């Protein structure tokens, strides 16, 4: 059920709750294991498009990964923010993601509060919205799953040539335009529930900043909450990816490309793929026919997580160095008695070539050095109690500081 209302209590809560400095925080003492899988996330703002070369970072971002415990609380706060290059100013904000126990059930709740949002190129023509609060709630109680989203605010005022004009909820729903500057619009939440899952998703405000040739879109007050029935043996975790590069200068890194996470509730035995025909970094690495795949499969007495990263062909050093048919696989199975089986079965390498000549590939965990050009380490594995992470190939380009990672897969059951 979606609701919008105004409340001075929201503004009072904001003044008390939002500190001036950024902080992040953790877990309450009343954590308890449940038969559910929870996840949630939220942020105050994000920017896409316009003159920005890439999407901006999310402010006051907080998230709660897949967990089966209640009593958890993740939060982040931000002081006032001016979004560089755009006529938007945000007041102090806070994001909370929490899991709570309920009588005969539990819930995930994501909330975001913003003291004020100002949009306008001048002080004489701007829209101000105060006391914003966004909430997404996904719950299960007495076997019934439910999803709710809610957005509240205290006031909205549009200055027109310095004259204040109150703006109603209905007007914001239809979109308020500041000529030549931006359009501000309230959005409706998405609420989905079924026999064993519920999710609630809300982006409170979309601001489209007029720009030539491309507008910039700013999202404010994003919250997401999800709850699923969990397998009693455990929760799935892990991911696969294909190309990642570091040492590109000034701490810049690229990737991971073709990244695919494994949902914590599994995939009911079906593979999920993220495929890319070709991608890479000019002058560093180029990959062809890239694929990251994940699967979570239940059985009568166990559950299994499988992840795969594949590179049909990767070229480096201007095409002189070629890696063919690199496949990395991580497999873990957990039985109902708590025992694990972990392996890298299915991991293969077609070959490494320099100037068209096949090189002797290093053994797993070993390194091949090409004098003056590259240092190549093949197949390293990090294991822990719940699973493993497999790195297919690490290629250090000597004399440049650049390190390229090809094909990675991780699988865990917790």
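Hey, rough spin-label estimate for residue 259 and residue 160, points 7 angstrom out along Cα→Cβ, what's it come to in nanometres?
Between residue 259 and residue 160, the label points sit 4.5 nm apart.
Using Cα springs under 10 Å in a Gaussian network model of the chain, which residue among 61, 236, 378 shows the largest mean-square fluctuation?
So, out of 61, 236, 378, the one fluctuating most is 378.
Find how much the distance from residue 196 to residue 168 grows on full extension, using 0.36 nm per residue of separation minus their present alpha carbon separation; answer in nm with one decimal.
Length gained, residue 196 through residue 168: 6.3 nm.
For a distance above 19 Å, tell me the whole-number percent of Cα pairs in segment 285-396 that qualify.
For segment 285-396, the fraction of Cα-Cα distances above 19 Å is 50 percent.
Could you give the angle, 0 to 90 degrees to the nearest 10, between helix 8-17's Cα long axis and the longest principal axis of the Cα atoms of the chain?
The angle comes out near 50 degrees.
The list [x] 157; [y] 167; [z] 190 gives values of volume of the Cα convex hull per residue in Å³, and only one came from this structure; which label was calculated from it?
Answer by label: [y].
Once you put a point 7 Å from the Cα of residue 142 and another 7 Å from the Cα of residue 335, both along the Cβ direction, what distance in nm separates them?
Each label point is offset 7 Å from its Cα along the Cβ direction, giving 4.1 nm.
Listed highest first by mean packing, meaning other Cβ atoms within 10 Å per residue, what order do 141-151, 286-296, 271-281 come in?
Most protected by this proxy first, the peptides run 286-296, 141-151, 271-281.
Ratio of alpha-carbon Rg to the 2.2 N^0.38 Å globular estimate for segment 93-236, to two decimals, please.
1.28
Can you give the helix-only mean residue ellipticity at 222 nm for the chain, where every DSSP H stretch with n ≥ 4 adds -39500 (n - 2.57) and the sum goes over all residues, rounded to the nearest 500 deg cm²/dmol?
Taken over the chain, the calculation gives -1000 deg cm²/dmol.
Computed from the coordinates by the stated procedures, all read-outs in this text should not be read as laboratory data. Remember, it's a predicted structure, so these values are computed and weren't measured experimentally. Backbone-built Cβ (ideal geometry, glycine too); neighbour counts: all protein chains shown.
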